[in-house]
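The values are calculated or read from the model by the stated rules, or taken from the named source; none is laboratory data. As the structure is a computational prediction, the values presented were derived from the model and not from experiment. Heads up, the Cβs are rebuilt from the backbone with ideal geometry, glycines too, and the neighbour counts pull from every protein chain shown.
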């Protein structure tokens with residue numbers, strides 16, 4: 001008669017403490033208690049399913065009643081498995097060890113019956129052992145009926161409780177037990193156990209197949225052994241990964257790597273084809289998302305730690321994770337993990353799971369296009385720190401390190417500006433407050449360094465926009481107080497002052513100087529491009545530019561309409577703004593162009609390199625630098641020589657926020673607040 005078939009979980013059930021897998025913290029404590037004869041009267045074994053709780057209780061009951069002397073046993077604590085007590089227990093005929101299922105014996109009457117049997121001493125054994133499995137299923141009344149017996153049992157009685165949900169056990173029961181928490185079994189140790197069973201059974205299996213079976217158990221050795229039996233029934237004595245993955249319904253690892261590749265390549269079409277393949281192959285979409293989350297976690301581990309030992313996979317798969325992790329950044333993988341988690345949650349109760357899966361995966365594909373806001377904020381913080389230290393305004397080298405990558409063509413070594421007129425005039429109609437916001441740094445060259453170098457505080461100039469007005473050079477025809485000595489004008493320099501480097505945190509200058517309370521009559525200069533704004537809203541005097549009628553200038557004027565049309569091909573607004581400009585002078589390679597407002601000037605200066613290339617393609621006249629100035633065209637309702645009323649910066653910004661959708665969007669999305 002052939003021997004009855006036993007499943008692997010029962011056939012290879014541990015019989016000794018040393019055979020328990022990954023529970024050394026429990027077995028060593030129990031063996032020491034047996035050696036020292038310090039056994040408690042009640043134990044509670046808790047932990048997930050299939051990790052050895054009931055098996056450890058059986059081994060402990062067998063070791064306690066083993067009649068072989070301790071010195072003749074393994075480790076002086078293991079059961080000998082040779083004495084009558086051990087053999088009777090293994091054969092299921094021992095009358096002193098009771099196994100009770102609390103799920104079906106959870107009433108008060110069942111506990112009363114147990115209390116009656118406790119009074120009877122053991123027959124032929126050292127102790128009576130009661131193993132109560134799933135003890136959390138007992139009712140509160142049954143727990144209360146067991147309290148007195150559990151607290152003061154007879155000296156020959158030992159209780160061992162096993163449960164997967166210790167939180168449901170009454171605290172009064174927990175306080176009367178020694179608790180041992182069993183751990184989930186790692187995949188490598190399950191693989192080692194499976195390799196030993198394969199050697200005993202004569203089964204051939206590759207590493208990928210055993211890792212797949214071990215991961216299928218999810219930390220429970222009993223579940224892995226059940227999957228092993230299923231795999232042997234399918235493949236026989238030769239376990240192959242492809243057939244196993246199909247039989248166990250496990251998504252192939254290649255599909256996860258294919259998904260991450262589509263995310264990296266931003267291939268939306270490939271991602272949709274992958275979802276169609278999943279549906280046609282009959283994979284569980286929920287299980288696919290769970291596996292994808294673990295796949296992204298493995299990529300994140302390989303990227304952040306640089307070590308693949310924390311990844312539960314074969315050695316070849318670990319190397320594959322290490323190579324693919326270099327394609328992503330840590331922040332990107334974190335965002336992908338969050339999207340995978342949200343999609344998995346939305347898929348549980350969805351009536352259209354395929355649509356939810358496609359939406360989530362396409363969101364992953366588009367997520368890589370998002371800018372990293374953290375890097376942008378770090379750059380802003382670094383610029384703000386430099387501004388607080390006063391390094392942006394005074395150090396050309398520091399500002400140049402933060403300047404845009406586009407460089408303007410080099411100026412000539414030295415070329416004099418056109419001669420100033422005898423009566424410079426302050427422009428009043430060309431003021432555009434918007435230019436003050438876009439280019440606050442351009443007001444810095446007009447500072448008059450009256451205080452000593454040791455008394456200057458660059459940070460105060462940044463925080464106080466009104467301080468810009470007090471450092472401006474006064475015009476030559478400005479009124480002078482009676483008690484103030486006349487100032488000697490500085491000698492003219494042969495070369496123009498260097499252009500200041502643009503900075504994000506320049507000194508704001510949104511306020512115009514108030515006109516004098518008691519203005520003195522003075523000469524008024526001729527109209528023309530004699531004065532302009534310095535690009536910041538502060539009034540500054542510039543010399544008049546006399547139109548030049550040289551042949552080179554006439555040639556540039558001849559091609560100017562074609563120049564404007566080519567500028568419109570670059571950007572329509574650039575061409576429109578350039579069409580309102582007029583070339584008025586050409587000297588030493590510097591072309592002077594007059595524009596109506598500071599806004600025109602700033603926009604054309606931002607596109608200086610592109611415009612320079614287009615002009616060079618239209619004419620052979622050597623032009624090395626563009627100089628833009630604002631025309632001195634007084635407003636029709638305002639006489640020349642008068643200044644506008646003071647502009648309140650806070651009120652101006654509020655008006656811009658109400659009218660300009662860009663400013664309003666910045667305030668709404670970033671939680672901005674207008675302060676001054």
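Anything in region 549-571 that is part of a helix (DSSP H, G or I) and in contact with a strand residue (DSSP E or B) (Cβ under 7 Å, 6 or more places away or on another chain)? List them, or say none.
Within region 549-571, 552, 553, 556, 557, 560 qualify.
Would you kindly identify the helices (runs of 4 or more DSSP H) lying entirely within region 305-394 that contain at least 3 residues that are at pLDDT 80 or above and assigned by TED's automatic domain parsing to the domain that holds residue 263?
315-324, 330-348, 353-367
Return a yes/no flag: does region 103-117 have any residue that is assigned to a loop (DSSP other than H, G, I, E, B), touching a strand residue (DSSP E or B) at 6+ places or on another chain (Cβ under 8 Å), over 30 Å from residue 215 (Cα atoms) and assigned by TED's automatic domain parsing to the domain that holds residue 52.
no
Looking at this structure, is residue 139 over 18 Å from residue 30 (Cα atoms) and surrounded by 14 or more Cβ atoms within 10 Å (Cβ to Cβ)?
For residue 139, the condition - over 18 Å from residue 30 (Cα atoms) and surrounded by 14 or more Cβ atoms within 10 Å (Cβ to Cβ) - is met.
What tally of residues in region 204-213 results from selecting those that are in contact (Cβ under 8 Å) with a residue 40 or more places away in the chain and in contact with a helix residue (DSSP H, G or I) (Cβ under 7 Å, 6 or more places away or on another chain)?
2
Quick grid of which residues meet (1) in a loop (DSSP other than H, G, I, E, B); (2) at pLDDT 90 or above; (3) over 30 Å from residue 225 (Cα atoms); (4) not assigned by TED's automatic domain parsing to the domain that holds residue 131:
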site	(1), (2), (3), (4)
44	no, yes, no, no
59	no, yes, no, no
66	yes, no, no, no
75	no, no, no, no
81	yes, no, no, no
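Of the conditions (1) in contact with a helix residue (DSSP H, G or I) (Cβ under 9 Å, 6 or more places away or on another chain); (2) closer than 19 Å to residue 291 by Cβ; (3) exposed (fewer than 15 other Cβ atoms within 10 Å of the Cβ), residue 234 clears all except one; give me its number.
(2)
Taking residue 146 as meeting all but one of (1) more than 23 Å from residue 20 (Cα to Cα); (2) without any contact (Cβ under 8 Å) to a residue 40 or more places away in the chain; (3) assigned by TED's automatic domain parsing to the domain that holds residue 291; (4) crowded, with 16+ Cβ neighbours inside 10 Å, write down the number of the exception.
Failed condition: (3).
How many of the residues making up region 162-203 are touching a helix residue (DSSP H, G or I) at 6+ places or on another chain (Cβ under 7 Å), surrounded by 14 or more Cβ atoms within 10 Å (Cβ to Cβ) and in a loop (DSSP other than H, G, I, E, B)?
Qualifying residue count, region 162-203: 6.
Given the structure, is residue 71 outside any loop (DSSP other than H, G, I, E, B), surrounded by fewer than 21 Cβ atoms within 10 Å (Cβ to Cβ), modelled with pLDDT of 90 or more and in the same structural domain as residue 132 (by TED's automatic domain parsing)?
no
Mind checking whether some residue in region 282-292 is in a helix (DSSP H, G or I), without any contact (Cβ under 8 Å) to a residue 24 or more places away in the chain and either under 21 Å from the mean Cα position of the chain (by Cα) or more than 26 Å from residue 353 (Cα to Cα) (or both)?
no
Of all residues in region 57-66 being out of contact with any strand residue (DSSP E or B) (no Cβ under 9 Å at 6 or more places or on another chain) and in contact (Cβ under 8 Å) with a residue 24 or more places away in the chain, which is nearest to residue 125 (Cα to Cα)?
63
A quick yes/no check of all residues on (1) at positive phi; (2) assigned to a helix (DSSP H, G or I); (3) at pLDDT 85 or above:
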site: 592; (1), (2), (3): no, no, yes
site: 599; (1), (2), (3): no, yes, no
site: 612; (1), (2), (3): no, yes, no
site: 621; (1), (2), (3): no, no, no
site: 633; (1), (2), (3): no, no, no
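Anything in region 86-102 that is crowded, with 20+ Cβ neighbours inside 10 Å, out of contact with any strand residue (DSSP E or B) (no Cβ under 9 Å at 6 or more places or on another chain) and assigned to a helix (DSSP H, G or I)? List them, or say none.
If the condition is that a residue be crowded, with 20+ Cβ neighbours inside 10 Å, out of contact with any strand residue (DSSP E or B) (no Cβ under 9 Å at 6 or more places or on another chain) and assigned to a helix (DSSP H, G or I), then 86 is the only one that fits.
Which ones in region 236-260 are in a helix (DSSP H, G or I) and free of Cβ contacts under 8 Å to residues at least 12 places away in the same chain?
242, 243, 246, 254
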